[in-house]
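These notes are about the structure you will find just below.
The values are calculated or read from the model by the stated rules, or taken from the named source; none is laboratory data. Note that the coordinates shown come from a computational prediction; the quantities given were computed from them, not determined experimentally. Methodologically, a virtual Cβ is constructed for each residue, glycine included, from the backbone with ideal geometry; neighbour enumeration extends over all protein chains shown.
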């Protein structure tokens, strides 16, 4: 189908959207979906009406100029996660050492794969509790030729901590309290994996990350995490009980969404 025909159908079927939104959807859809026909287009439009994220319909999303496969088994990559990865890249761009990295809660693998492509000499590992997520991550790594070691593990179970010492510990963990689900949009709550979003206690994963770092982070190592802007000070306070150098970082929207911790307290 011609792009003009696709646009016309989207415009008629999604009349509640603004012109710019329709144009953006059509561009992404036509760029990412192969073999478009009227039947498939109509099915996909019905999914959009049900607030299914466009990325789950096309099956792809771009992250730092690379195309990644996504599915309802993984979170859709967010801009602030790109900013977290760029922060790590900037910190280590003059470091030629062969470092070991562990990504906790890897999802589609965007963090470890992007860093492995940037630093080929690094020994990069990633874990997730979800087998479905790991299948997507492994597929992305193979397609992008990134040598990342993936493993299924429940990070909250300390008996499963068999990953050894690391130089860089990174995570975008679940940090949204279940009580806040009702405040979020249907496209997120009804379609993205709850295991990667919600947690019973907001500091649960951060506490485990700190404890893991205390036991296994090498000298001159660092921890990088993404966090809830409304819990940034609480998260910072927690990390300061383990580290002497803790820095919050704002995203491009001016929200405190990232944290770096270095120099473990003795």
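Regarding residue 112, is this residue touching a strand residue (DSSP E or B) at 6+ places or on another chain (Cβ under 9 Å) and more than 17 Å from residue 60 (Cα to Cα)? Give the steps one after another, and end with the answer.
Numbers: touching a strand residue (DSSP E or B) at 6+ places or on another chain (Cβ under 9 Å): yes; more than 17 Å from residue 60 (Cα to Cα): yes.
When the stated conditions are applied, residue 112 passes them.
Of all positions in segment 104-125, none carries a residue that is under 12 Å from the mean Cα position of the chain (by Cα), in a loop (DSSP other than H, G, I, E, B), crowded, with 19+ Cβ neighbours inside 10 Å and not assigned by TED's automatic domain parsing to the domain that holds residue 204.
Residues in segment 126-163 that are crowded, with 18+ Cβ neighbours inside 10 Å, free of Cβ contacts under 8 Å to residues at least 60 places away in the same chain and assigned to a helix (DSSP H, G or I): 2 in all.
For every residue, the table says whether it meets (1) within 18 Å of residue 172 (Cα to Cα); (2) surrounded by fewer than 18 Cβ atoms within 10 Å (Cβ to Cβ); (3) more than 18 Å from the chain's Cα centre (by Cα); (4) assigned by TED's automatic domain parsing to the domain that holds residue 203.
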site: 223; (1), (2), (3), (4): yes, no, no, yes
site: 226; (1), (2), (3), (4): yes, no, no, yes
site: 230; (1), (2), (3), (4): yes, yes, yes, yes
site: 235; (1), (2), (3), (4): yes, no, yes, yes
site: 239; (1), (2), (3), (4): yes, no, yes, yes
site: 244; (1), (2), (3), (4): no, yes, yes, yes
site: 247; (1), (2), (3), (4): yes, yes, yes, yes
site: 251; (1), (2), (3), (4): yes, no, no, yes
site: 257; (1), (2), (3), (4): yes, no, no, yes
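Each row is one residue, and each column tells you yes or no for (1) surrounded by fewer than 17 Cβ atoms within 10 Å (Cβ to Cβ); (2) in contact with a helix residue (DSSP H, G or I) (Cβ under 9 Å, 6 or more places away or on another chain).
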{"residue": "19", "(1), (2)": "yes, yes"}
{"residue": "23", "(1), (2)": "yes, yes"}
{"residue": "37", "(1), (2)": "yes, no"}
{"residue": "51", "(1), (2)": "yes, yes"}
{"residue": "55", "(1), (2)": "no, yes"}
{"residue": "63", "(1), (2)": "no, yes"}
{"residue": "76", "(1), (2)": "no, yes"}
{"residue": "91", "(1), (2)": "yes, no"}
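Checking the condition within 19 Å of the chain's Cα centre (by Cα), within 19 Å of residue 103 (Cβ to Cβ), modelled with pLDDT of 90 or more and crowded, with 20+ Cβ neighbours inside 10 Å, which residue from 166, 170 passes? Before the answer, list the steps.
Numbers: 166 fails: within 19 Å of the chain's Cα centre (by Cα).
Going through 166, 170 in turn, just one is within 19 Å of the chain's Cα centre (by Cα), within 19 Å of residue 103 (Cβ to Cβ), modelled with pLDDT of 90 or more and crowded, with 20+ Cβ neighbours inside 10 Å: 170.
Residue count for segment 41-77 under the criterion of being part of a helix (DSSP H, G or I) and closer than 26 Å to residue 117 by Cα: the result is 3. Inclusion of residue 44 among residues that are touching a strand residue (DSSP E or B) at 6+ places or on another chain (Cβ under 7 Å) and either touching a residue at least 12 places away in the same chain (Cβ under 8 Å) or closer than 25 Å to residue 69 by Cβ (or both) is not warranted.
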